[in-house]
Amino acid sequence: MWLIDFIEKRRLLEGKHNTRIALYSVFGPRWITMFDHADTRIFVERENLHKPHFIGLQHRYLDDKKFQLSLGFDEISHSQYMRFPFWLMWTLFPATVDYNMVRQHVEQANHICPTIAGKKFCAYVCSHDDLNRKRIHSEFDAIDRLSCPGRLFHNDDSLKTDYNDDKIEYLRHFKFNLTPENSDSENYVTEKLFEAIAAGTVPIYNGSNNNPEPDIINRDAVIFIKLGQDNTDAVRLVRELHRDDKKYLDFACQPRYKDGAAEKIWWYYETLENKLREIIANI
């Protein structure tokens, strides 16, 4: 609903109240375009189109005159395409986001210096065994008990029972968050990394060729792993930080965002609004 809210709450359809905008994603039949009676159509990736079962959608409808805009993860130069990774529509900011809201979020995240008292070791929230997640579970569970509220490795009900499925609030109670993407491709970054940052926990991350959002994320504040490969150094670092409070705080209190991150994040929202206004004006 985020994109719908973005269009409605910014009054982008003002004066065009009978305009119909259809949103398409990776699931659902393409033939519906013949019956949706839409004035314009937007394709939103949501998933990594480089995974085998999504490769057939890599055309992104960019040469289909029924579609006026595609929003995705990849860097593509095309008049009908905009890189707008799905994390921008998830959790962090409402559809009414403005620059001050983004700036405050970045400043707050960069000044988080978490306490250790009462913190559990590490949360691992996942549902499917993609990219050898069982192996990485075993490696870090050997340091201390991993808390797993998802379907995979489930041993913790508190995300639902105590935190009403508020993942960020749940993560605030952990020193680390083991948070690999469900697939690893350049530029494919979801909400997982940003939820860990917002919660003030240290992300243990794999995704986007381990170079996620290079204009936004401070790599030094993230512990990188590679699923299915040797992670001896990362495991050793996590064990060391877990056992030494001072070293943990030195690592956890680093700024999470790079200089200029707020401006880059806001650029995405501002550019999306301008693109949508142009599309709607030409209907």
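The values are calculated or read from the model by the stated rules, or taken from the named source; none is laboratory data. Note that the coordinates shown come from a computational prediction; the quantities given were computed from them, not determined experimentally. No Cβ is skipped: glycine too gets one built from the backbone with ideal geometry, and neighbour counts run over all protein chains shown.
General observations
- A residue that is touching a helix residue (DSSP H, G or I) at 6+ places or on another chain (Cβ under 7 Å), surrounded by 22 or more Cβ atoms within 10 Å (Cβ to Cβ), not in a loop (DSSP other than H, G, I, E, B) and not assigned by TED's automatic domain parsing to the domain that holds Leu49 occurs nowhere in the stretch 149-167.
- Test: Val44 is surrounded by 13 or more Cβ atoms within 10 Å (Cβ to Cβ) and over 22 Å from Lys258 (Cα atoms): yes
- Looking at Lys258, Lys247, just one residue is surrounded by 15 or more Cβ atoms within 10 Å (Cβ to Cβ) and either out of contact with any strand residue (DSSP E or B) (no Cβ under 6 Å at 6 or more places or on another chain) or more than 18 Å from Ala142 (Cα to Cα) (or both), and that residue is Lys258.
- The stretch 16-35 - residue that is surrounded by 13 or more Cβ atoms within 10 Å (Cβ to Cβ) and in contact with a Lys or Arg (Cβ under 9 Å, 6 or more places away or on another chain) and, of those, modelled with the lowest pLDDT: Thr33
- Residues of the stretch 92-138 classified as modelled with pLDDT of 95 or more, part of a helix (DSSP H, G or I) and not small (Gly, Ala, Ser), total: 11
- Any chance Ile216 is out of contact with any His (no Cβ under 9 Å at 6 or more places or on another chain) and in contact (Cβ under 8 Å) with a residue 40 or more places away in the chain: yes
- Of everything in the stretch 109-142 that is over 16 Å from Leu193 (Cα atoms) and of a type in the set (S, T, N, Q), the residue that is surrounded by the most Cβ atoms within 10 Å (Cβ to Cβ) is Asn132.
- Number of positions in the stretch 54-91 that are closer than 18 Å to Phe194 by Cβ, part of a loop (DSSP other than H, G, I, E, B) and at pLDDT below 95: 2
- Filter result for Asp144 (out of contact with any strand residue (DSSP E or B) (no Cβ under 8 Å at 6 or more places or on another chain) and among the acidic types (Asp, Glu)): no
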